[in-house]
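The values are calculated or read from the model by the stated rules, or taken from the named source; none is laboratory data. Worth saying up front: this structure is predicted, and the values here are computed from it rather than measured. Cβ: placed from backbone, ideal geometry, glycine included. Neighbour counts: every protein chain shown. Surface areas here come from the heavy atoms of the whole protein model, side chains and all, with no ligands, DNA or RNA. Shrake-Rupley method; radii C 1.70, N 1.55, O 1.52, S 1.80 Å.
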Amino acid sequence: MFLKIKTIPSTIWSSDHPFNFTPPFKTILFLILGLATFGFGSSLLIHSGIGNSPWVVLAEGLSIQLGGTIGVWTFGCSMVVLLAWIPLKEKPGLGTILNILIIASVLDLSLLLFDFSSEHILINYFTASLGVIIVGIGSGIYLPANLGPGPRDGLMTGLQRVTGKPIAWVRSIMEITVVALGWILGGNAGIGTIFFAVGIGPAVAFGLYLASYFPRKD
């Protein structure tokens with residue numbers, strides 16, 4: 001049933017509008033929780049060693065070539081993407097800013113504190129698959145907060161509006177381009193990247209489906 005969900009639900013922690021810079025505390029709390037969950041899920045794909053999510057492939061490739069951590073380059077890529085918003089006339093919200101800061105920080109923190117890698121390939125497959133599910137659940141928590149899109153989501157919607165092409169095509173071309181560039185730079189693209197590409201849609205839908213059980217009371 002969750003695969004049929006088409007909209008982001010309005011929940012008890014949703015902001016009334018995306019450009020609210022003084023939202024209720026619970027909205028901020030759930031936004032931070034969702035973004036931290038998203039970042040931890042992304043880190044599990046790195047821990048698995050069998051291939052990262054597309055934008056992490058790029059961040060890892062840049063870290064290999066230019067130094068710095070994956071989190072630092074995740075932050076850097078987000079800032080560059082935000083600059084691309086300017087000609088597209090997209091507007092950032094509080095959620096956009098926290099998206100950049102929290103996901104990059106949690107990625108580096110997880111890689112510093114934990115080591116979930118294994119010599120057994122089936123365990124690594126499980127770790128990567130679990131990472132995709134956790135990313136989806138994190139998305140299901142932070143997207144309903146309605147405090148502005150993440151950098152990549154804003155780029156996607158802006159390009160869709162300018163080109164008139166379907167969202168699916170725009171996002172697919174974005175992800176393929178990013179993976180190809182990251183792989184050329186030495187980033188780890190592999191079966192885990194395929195897991196992410198195939199599973200992220202259903203995982204996000206599942207996360208939003210869970211969030212729909214907490215509707216607004218007004």
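Miscellaneous remarks
- Take the conditions (1) touching a strand residue (DSSP E or B) at 6+ places or on another chain (Cβ under 7 Å); (2) over 23 Å from Gly207 (Cβ atoms); Lys165 misses just one of them, which is (1).
- Against the list (1) assigned to a helix (DSSP H, G or I); (2) in contact with a helix residue (DSSP H, G or I) (Cβ under 6 Å, 6 or more places away or on another chain), the condition Ile50 fails is (1).
- Here Gly39 does not fit the description of being crowded, with 22+ Cβ neighbours inside 10 Å and touching a Gly at 6+ places or on another chain (Cβ under 6 Å).
- Hey, Arg152 of a type in the set (Lys, Arg) and over 15 Å from the mean Cα position of the chain (by Cα) or not: no
- Every residue from region 7-42 that is in contact with a helix residue (DSSP H, G or I) (Cβ under 6 Å, 6 or more places away or on another chain), closer than 18 Å to Ser212 by Cβ and not hydrophobic (A, V, I, L, M, F, W, C): Pro9, Thr11, Ser14, Ser15, Thr27, Gly34, Thr37
- The one condition in (1) open to solvent by 40 Å² or more (accessible area, probe 1.4 Å); (2) under 20 Å from Glu60 (Cβ atoms); (3) in contact with a Lys or Arg (Cβ under 9 Å, 6 or more places away or on another chain); (4) among the charged types (D, E, K, R) that Arg152 fails to fulfil: (1)
- Failed item in (1) out of contact with any helix residue (DSSP H, G or I) (no Cβ under 8 Å at 6 or more places or on another chain); (2) part of a helix (DSSP H, G or I), with Leu107 passing the rest: (1)
- If you go through region 177-203 and keep only what is among the β-branched types (Val, Ile, Thr) and at pLDDT below 90, you end up with Val198, Ile200.
- Residues of region 13-67 that are under 12 Å from the mean Cα position of the chain (by Cα) and small (Gly, Ala, Ser): Gly34, Ala36, Gly39, Gly41, Ser42, Ser43, Ser53.
- Against the criterion of being open to solvent by less than 80 Å² (accessible area, probe 1.4 Å), more than 24 Å from Met174 (Cβ to Cβ) and of a type in the set (Val, Ile, Thr), Thr127 qualifies.
- Checked against (1) surrounded by fewer than 17 Cβ atoms within 10 Å (Cβ to Cβ); (2) of a type outside the set (D, E, K, R); (3) closer than 20 Å to Gly41 by Cα, Ala203 passes all but condition (1).
- Looking across region 91-106 at every residue that is surrounded by 21 or more Cβ atoms within 10 Å (Cβ to Cβ) and of a type outside the set (A, V, I, L, M), the one that is farthest from Thr22 (Cα to Cα) is identified as Asn99.
- Unique match (being of a type outside the set (Val, Ile, Thr) and open to solvent by 40 Å² or more (accessible area, probe 1.4 Å)) among Leu29, Leu44, Leu88, Leu58: Leu29
- Region 167-200, subset polar (S, T, N, Q) and in contact (Cβ under 8 Å) with a residue 60 or more places away in the chain, residue surrounded by the fewest Cβ atoms within 10 Å (Cβ to Cβ): Asn188
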